[in-house]
């Protein structure tokens with residue numbers, strides 16, 4: 001039997017929201033009844049089946065496959081979730097006629113048992129039964145959802161536009177039929193499995209669309225490690241009956257971190273409740289996250305849409321736990337004005353008081369934003385928050401002393417908030433192979449950690465994957481996670497764990513000056529150099545004829561100096577020019593012009609006398625200026641006497657320019673020297689290669 005067309009008969013007006021069997025009265029408009037939906041053995045099988053819809057999307061680019069597959073996956077899931085209560089919802093809606101929308105929404109949500117409902121009589125099966133009106137019926141079905149769910153499809157997935165496109169291309173029936181063929185009811189696909197399906201589909205979508213630089217999908221095992229670190233030491237409190245905690249992710253993506261944290265707490269204590277909050281900028285990711293939270297009984301309004309920096313969706317709110325994997329190395333130019341205004345106008349009363357990172361990398365802005373969301377610690381020691389965040393290597397060391405990055409690190413460490421940094425294996429993320437680090441911060445450090453920072457080297461704690469997924473070739477096994485959390489919990493020094501004082505990461509950046517020493521001459525080559533300098537040009541308030549007379553006078557008098565002369569004292573040479581060359585008549589150039597001539601006629605000479613400034617102090621030579629980073633724990637003068645003066649005895653420190661900086665040289669603290677191979681071994685390898693090359697040449701030459 002040929003597949004019914006999804007195109008609507010132009011003579012037959014759409015009749016949305018009426019079950020297909022009530023209208024279908026001709027064989028040409030009645031579709032083959034759909035068979036029972038399939039169930040699958042694993043989340044990957046479901047994801048593979050749903051992604052196979054891409055084979056039908058002949059009018060779509062690869063980068064746009066997800067714009068159809070992702071919303072329809074969510075829609076099919078909601079359709080299955082609401083199937084058991086559809087008749088009750090329709091009956092309850094009829095009984096509530098005349099009531100306010102708020103009362104109706106609350107009552108219908110109570111019937112469904114989830115924070116959403118749909119008041120359409122249609123479902124996937126009945127829509128497929130009326131292919132002639134499929135586009136209109138599907139649009140009507142979506143609009144019949146409660147507001148939170150409806151906005152997901154219309155405002156963020158923009159799926160109504162794709163319905164029209166698919167319908168025009170005669171693809172809508174085929175695509176919808178494919179989704180109707182899979183059973184996504186919670187009895188067949190539990191919430192945690194559905195979460196895995198979402199994650200796999202969004203990962204494939206990210207690969208196809210060449211995801212924006214820095215936005216790296218977070219593997220579940222990395223999230224699990226972060227959650228374990230976040231909840232470490234809180235096990236007793238989290239096991240209390242009826243405990244309620246809040247968790248926030250300002251770059252929540254598809255909600256993976258929120259989901260894993262919720263699952264973890266449920267495993268730990270089925271009676272506990274974790275209220276999750278998030279914000280996401282990408283419309284598709286936001287839509288998936290919000291729908292996932294709805295399915296799990298969370299309040300969908302806790303997930304905000306927009307930029308966390310310029311449009312904070314949770315202003316004034318504080319959270320027990322904060323978790324995120326923000327974009328790496330992404331510029332924040334689009335929101336620069338908002339952020340700079342808050343930094344300058346609110347200072348430490350706002351989120352960005354300590355400083356601003358370079359415009360090309362906004363990673364540390366997420367850290368500042370999250371710190372502003374931590375709960376304060378009460379006098380009795382209760383309250384407070386803990387956060388975990390994934391960074392690349394840049395936030396560890398980028399920026400010199402006094403820069404925005406350094407000032408942010410200084411503020412965090414001097415406030416004793418930084419608990420630990422864990423270096424992760426490379427090739428751990430799907431879209432990047434770079435090294436990454438988990439930062440753990442809290443404003444309620446236990447006594448043993450106060451004034452301390454722990455660095456954990458976990459770069460070798462991984463297992464190779466049997467099959468690579470994008471750039472992801474390594475993964476953390478459950479045993480790896482247990483070992484990392486053990487290192488964190490033990491808080492002891494060892495091969496892979498180092499304990500430092502906060503001050504160990506601080507330094508004073510000092511300016512080492514050396515005196516300027518010049519000799520001066522009126523030799524022809526130096527005069528030629530003078531003629532090419534700005535000093536030779538006509539000064540302001542002089543006419544060219546008068547200045548020409550001065551130039552000629554200078555050249556005449558300079559030529560009388562035997563061999564150009566040589567002066568090793570700048571003051572003496574300046575006096576000679578002023579009195580012996582230019583004279584004191586009305587055409588004598590101003591002092592600034594004389595000084596410009598002096599500068600143009602000078603050359604560095606280590607044996608010349610030191611040039612003095614107007615106060616009689618040695619003038620520094622900017623070309624010989626150097627910088628030294630002196631550890632905070634060491635006296636500057638002791639350091640200079642040991643490290644500087646033995647090499648440059650005339651050096652001095654300009655203490656007015658000293659700045660305090662902070663950096664975390666993670667790799668250096670775990671560096672292990674590997675001795676070079678013995679020379680004999682290298683020579684043997686070279687000899688072996690030479691023999692192999694000669695053998696191959698022999699084969700070629702016959």
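Of the set (1) modelled with pLDDT of 95 or more; (2) surrounded by fewer than 19 Cβ atoms within 10 Å (Cβ to Cβ); (3) within 28 Å of residue 276 (Cα to Cα), all apply to residue 365 but (2).
I want to confirm something. Restricting to segment 203-217 and keeping residues that are surrounded by fewer than 22 Cβ atoms within 10 Å (Cβ to Cβ) and in a loop (DSSP other than H, G, I, E, B), which single residue is modelled with the lowest pLDDT? Among those residues, the one meeting the criterion is 213.
Please find, within segment 535-550, the residue that is nearest to residue 591 (Cα to Cα) out of those that are surrounded by fewer than 16 Cβ atoms within 10 Å (Cβ to Cβ) and touching a helix residue (DSSP H, G or I) at 6+ places or on another chain (Cβ under 7 Å). Step by step, filter segment 535-550, then rank; the result is 539. Note on segment 126-150: among residues that are surrounded by 17 or more Cβ atoms within 10 Å (Cβ to Cβ) and within 35 Å of the chain's Cα centre (by Cα), the one that is modelled with the lowest pLDDT is 148. Can you tell me which residue in segment 234-249 is farthest from the chain's Cα centre (by Cα), limited to those that are assigned to a loop (DSSP other than H, G, I, E, B) and exposed (fewer than 15 other Cβ atoms within 10 Å of the Cβ)? In this case the residue turns out to be 241. Is segment 500-516 home to any residue that is closer than 30 Å to residue 550 by Cα, touching a strand residue (DSSP E or B) at 6+ places or on another chain (Cβ under 6 Å) and at pLDDT 95 or above? Checked against the condition, which is being closer than 30 Å to residue 550 by Cα, touching a strand residue (DSSP E or B) at 6+ places or on another chain (Cβ under 6 Å) and at pLDDT 95 or above, segment 500-516 yields no hits at all.
Of everything listed in (1) touching a residue at least 40 places away in the same chain (Cβ under 8 Å); (2) not in a loop (DSSP other than H, G, I, E, B), the single unmet condition for residue 309 is (2). Residues in segment 250-271 that are farther than 28 Å from residue 312 by Cβ and either in a helix (DSSP H, G or I) or touching a helix residue (DSSP H, G or I) at 6+ places or on another chain (Cβ under 9 Å) (or both): how many? So the answer is 4. Looking across 451, 404, one residue alone is surrounded by fewer than 22 Cβ atoms within 10 Å (Cβ to Cβ) and either in contact with a helix residue (DSSP H, G or I) (Cβ under 6 Å, 6 or more places away or on another chain) or not assigned by TED's automatic domain parsing to the domain that holds residue 351 (or both). It is 451.
Conditions (1) assigned to a strand (DSSP E or B); (2) free of Cβ contacts under 8 Å to residues at least 40 places away in the same chain, marked per residue:
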{"site": "466", "(1), (2)": "yes, yes"}
{"site": "479", "(1), (2)": "no, yes"}
{"site": "489", "(1), (2)": "no, no"}
{"site": "494", "(1), (2)": "no, yes"}
{"site": "499", "(1), (2)": "yes, no"}
{"site": "504", "(1), (2)": "no, no"}
{"site": "511", "(1), (2)": "yes, no"}
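Quick one: which residue in 456, 434, 422 is part of a strand (DSSP E or B) and in contact (Cβ under 8 Å) with a residue 60 or more places away in the chain? Testing whether each residue is part of a strand (DSSP E or B) and in contact (Cβ under 8 Å) with a residue 60 or more places away in the chain leaves just 422. Within segment 466-477, the set of residues being more than 23 Å from the chain's Cα centre (by Cα) and at pLDDT below 95 comprises 466, 467, 468.
The single condition from (1) in contact (Cβ under 8 Å) with a residue 24 or more places away in the chain; (2) outside the structural domain of residue 531 (by TED's automatic domain parsing) that residue 637 fails is (1). Screening residue 288 against (1) free of Cβ contacts under 8 Å to residues at least 24 places away in the same chain; (2) surrounded by 19 or more Cβ atoms within 10 Å (Cβ to Cβ); (3) assigned to a helix (DSSP H, G or I) leaves a single unmet condition, (1).
On the stretch given as segment 33-61, residues that are in contact with a helix residue (DSSP H, G or I) (Cβ under 6 Å, 6 or more places away or on another chain), under 22 Å from residue 166 (Cβ atoms) and either modelled with pLDDT under 85 or not assigned by TED's automatic domain parsing to the domain that holds residue 180 (or both) total 1. In this structure, does residue 530 turn out to be farther than 20 Å from residue 559 by Cβ, in contact (Cβ under 8 Å) with a residue 12 or more places away in the chain and buried (at least 17 other Cβ atoms within 10 Å of the Cβ)? In short, no. In segment 591-702, counting only helices (runs of 4 or more DSSP H) that sit wholly within it, none holds 3 or more residues that are on the phi > 0 side of the Ramachandran plot, in contact with a helix residue (DSSP H, G or I) (Cβ under 9 Å, 6 or more places away or on another chain) and modelled with pLDDT of 95 or more.
The values are calculated or read from the model by the stated rules, or taken from the named source; none is laboratory data. Nothing here was measured: the structure is a model prediction, and the numbers come from that model. Cβ: placed from backbone, ideal geometry, glycine included. Neighbour counts: every protein chain shown.
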